[in-house]
Amino acid sequence: MTVPAPSPPSASAAVPAEAPLLDVRGLEVRFPVRGGVVHAVGGVDFAIPRGQAFGLVGESGSGKTTAALACARLAEAAAGEIRLGGEDVTHISGRELRAMRRRVQIVFQDPYASLNPRERAGAIVRRPLDLMDVGPKSGRQARVEALFALVGLRPEQQALFPHQFSGGQRQRIGIARALASGPELIVCDEPVSALDVAIQAQILNLLARLKRDLGLTYLFISHDLAVVQHLCDEIAVMYLGRIVERAPKRALFARPLHPYTRALIEAAPSADRAVGRAGAPRRRAAAIQGDPPSPLDPPPGCAFAGRCPHAVDRCRTEVPALRDMGGGQAVACLRADGAGGFV
Amino acid sequence: MSEPPVMTSMPPMPPMPVPEPVSPARQAWRMFRRNGAAMIGLALLLLVLAEAALGPALYSVSPDDMVWMPLTPPGASEYWLGTDYVGRDLLAGLIHGGRVTLIVGGSAAALTVAIGVLVGAFAGYYGGRIDNALMRVTEFFQVLPNLLLAMVVVMLFGASLVNIAIAIGAVSWTSTARLTRVEFMRLREMDYVRAERSIGASDARLIWAVILPNAAPPLIVSAALSAGTAILFEAGLAFLGLGDPNAMSWGRIIGDNRPYVLDAWWAVTFPGLAIFLAVLAISLVGDGLNDALNPRLRER
């Protein structure tokens, strides 16, 4: 594919300059299990402009991690389309897939599980350079050392084995590995949720600095709104395999439209609120009860209806589509009126 | 403005000494060393191996020659352990037989592990239809009576050492295959395997260079124990008269002297003790390895 000469975007049939780096449309992922098929991701659309961080939030089982794995081609998409820089990568294989993997890397959730316990830290970071043939062989050792320095590790630590590092240091090794091939998009699958709170901030700051310095684009998965708020430009909230609300960060926190988003924001522990309301009982109005329905047997209609304080009969029969509410905000709720109330 | 610059990042860390690298294998050895029974087993095993390797060169009496009166008891002649029913030196038989027994046991165990790991790795890694097909084959071998099948193989193809090792290996790989399969199914879903895939590793690399080394601990234990079983198996075949007639082995000495057990206790007791000690040594080492390599006993 050749890069089109500079010309008015409308005159060219090629990809416009501001095409998102990652464009996901109608993504579905299914897993066969005993007794049926789990629709882990049931039709998800989002796009991430280059240089931005996009947060995907939801509770366990919402399909956020599966959606992320599909974007990194580590889970197979059953339907839909994943475009990277305008190029369809949903079903590529072989040489094309390897080339795509250089551009999309992933940072895993549990740094205790994501590093091969039998390999030295230096070998772990070097492996992507060898497997994906990045740069000349003679320069790879220097690149590994530079990567160690970039993530705040010392070159002498290359000879150590993963069990000799702390959780935060291990996650730094995981980040160095992800950066090795010089990727454009990094999928961060809950990169701090397995770490101590004090270490979480260090890793989040590291990720923020790397994004700024290297011009990275993030697809950031988390169940923790505070973490996403720290790092992301745009946020999508998932519930049982679908996006229920998508908005720029500011709008989402200022004016959440979906009852589930409101409940999540309400439930998130906040230092400000704790200080501001010292002595006063926490407001519990929007706390939600119960568990999400089984993805093996999703209910008809809105998946959240069973736990929603605003649900009416129509919610139990009609699947709400994602509606654009202006200002980049979209919500999949039949009753949301776009101003924070319910019709 | 003479204010000091605002500190925007943490001050550089003081240069802490970097510890010595400690590989998982070294960790396991430290654990193993602290296990008394396992160390006794290891010493015993080394003794048996040294005997099998050097004994025949140091003790020059042939195990096949008639050297004295038949059924001479221990201590009654220059042949310390006495003679068997045709007047062969029992000590020479034990020394030479040890080598044969260990070679057959070891190669049968190696074959067991090779077939078992190959079948188990493919079944566990690929899953689905490949898993289904391979597991049906495994079940087929599992339901066959082991000793009977080995006897048939040896009788059909001749009782040479190679055939005996193949017969034992061919009937005992199924449990190794199942163990390998389960380990592969578990490790396949680990994030570090996903991470390798995300940096473009091939299936072959994932199976042999990433998953297999991490599946090794239980497989090493199982290999050690199957070496013990293989020795017993070989002794059993030889006892039944299906040993290699050209090679003295511990089982064969017992089998040969079986009719005279009431008149010459020594001719069956000493080779029996030798088998017992060798298998005990292997079991102790296997148990020690199990403890040393078991990740649940170790901190993450």
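The numbers here are math on the coordinates, done by the rules we state, and not lab data. What you see is a predicted model; the values in this text were computed from it and never measured. Because the Cβ atoms are built from the backbone with ideal geometry, glycine has one as well, and the counts that use them run over all protein chains shown.
For the listed peptides A:192-201, B:227-236, A:130-139, a ranking on the average number of other beta carbons within 10 Å per residue, highest first, reads B:227-236, A:192-201, A:130-139. Could you tell me which of B:Pro21, B:Val154, B:Leu280 has its Cα farthest along the dipole of chain B towards the positive end, charges placed at Cβ (Lys, Arg +1; Asp, Glu -1), taken about the Cα centre? Result: B:Pro21, furthest along the dipole toward the positive end.
Applying 1/(1 + (r/R0)^6) with r as the Cβ-Cβ distance of B:Tyr260 and B:Val18 and R0 = 60 angstrom yields a FRET efficiency of 0.30.
Restricting to DSSP loop positions (anything but H, G, I, E, B) with no more than 11 other Cβ atoms inside 10 Å of their own Cβ, which chymotrypsin sites (Phe, Trp or Tyr not before Pro) remain in the range A:106-151?
For chymotrypsin sites (Phe, Trp or Tyr not before Pro) across the range A:106-151 that sit outside H, G, I, E and B with at most 11 neighbouring Cβ atoms in 10 Å, the list is empty.
About the centre of its Cα atoms, the range A:48-176 shows a dipole size close to 440 debye [charges on the beta carbon of Lys, Arg (+1) and Asp, Glu (-1) only; nearest 20 debye]. Taking other residues whose beta carbon is less than 15 angstrom from the beta carbon of A:Glu318, and scoring Lys, Arg as +1 and Asp, Glu as -1, yields +4. Its Cα centre serving as origin, the range B:35-297 has a Cβ charge dipole (Lys and Arg +1, Asp and Glu -1) of approximately 960 debye. Equivalent ellipsoid of the range A:93-152: semi-axes from √(5λ) of the C-alpha gyration tensor, largest first, are 19, 17, 11 Å. Taking 16 Å as the cut-off, no amide N atom of the range B:217-232 comes nearer than this to a point 7 Å along the Cα-to-beta-carbon line of B:Gln142. Each residue of the range A:49-57 was assigned a 3J(HN,Hα) from its phi angle through the Karplus expression (A = 6.51, B = -1.76, C = 1.60, θ = phi - 60°), giving x, 4, x, 9, 10, 10, x, 10, 10 Hz with x at Gly and Pro.
Each Lys and Arg contributes +1 and each Asp and Glu -1, all at the Cβ; summed about the Cα centre of the protein assembly as shown, the dipole is approximately 1920 debye.
Quick one: plug the Kirkwood hydrodynamic radius of the range B:35-297 (C-alpha pairs) into Stokes-Einstein at 20 °C, 1.002 mPa s, and report D in µm²/s. Don't skip to the end; give the middle numbers.
Working: Rh = 20.1 Å.
Roughly 107 µm²/s, to the nearest whole number.
Need one number for the protein assembly as shown: average projected area of the convex hull over its C-alpha atoms, nm².
On the way: hull surface 171.5 nm².
That works out to 42.9 nm², a quarter of the Cα hull's surface.
For A:Ile235, the amide hydrogen comes within under 5 Å of the amide hydrogens of A:Gly55, A:Ala247, A:Lys249, counting only partners 5 or more places away or on other chains and with H modelled in the peptide plane.
Using the 2.2 N^0.38 Å rule of thumb for compact globular proteins, work out how the range B:19-147 stacks up: its C-alpha Rg over that value, please.
Details: Rg = 22.8 Å, N = 129, 2.2 N^0.38 = 13.9 Å.
Working it through for the range B:19-147, the quotient is 1.64.
The ellipsoid equivalent to the alpha-carbon distribution of chain A has semi-axes of 35, 26, 20 angstrom, derived from the gyration tensor eigenvalues as √(5λ) and listed largest first. Comparing Cα centroids, the range A:244-259 and the range B:226-300 end up 72 angstrom apart.
Of all beta bridges that DSSP places with both ends in the protein assembly as shown, some 60 percent have antiparallel geometry.
Counting charges near A:Arg154 (Lys, Arg +1; Asp, Glu -1) among other residues having Cβ under 12 Å from its Cβ returns a value of -1. For the range B:150-160, putting each phi into the Karplus relation 6.51 cos²θ - 1.76 cosθ + 1.60 with θ = phi - 60° gives couplings of 4, 4, 5, 4, 5, 5, 6, 9, x, 8, 9 Hz, in residue order, rounded to whole numbers and with x for Gly and Pro.
Could you compute the net charge surrounding A:Ala99? Neighbours are other residues with a C-beta less than 11 Å from the C-beta of A:Ala99; K and R count +1, D and E count -1. So the environment of A:Ala99 carries a net charge of +2. Listed by chain and number, the aspartates and glutamates placed with their C-alpha closer than 14 angstrom to that of A:Lys64 are A:Glu28, A:Asp45, A:Asp189, A:Glu190, A:Asp224, A:Glu245; residues fewer than eight positions away on the same chain are left out.
Quantify how much of the Cα-Cα distance distribution of the range B:69-119 extends past 13 Å, in percent. Present the calculation step by step, with values, prior to reporting the outcome.
On the way: 817 of 1275 pairs.
Every Cα pair in the range B:69-119 considered, those over 13 Å come to 64 percent.
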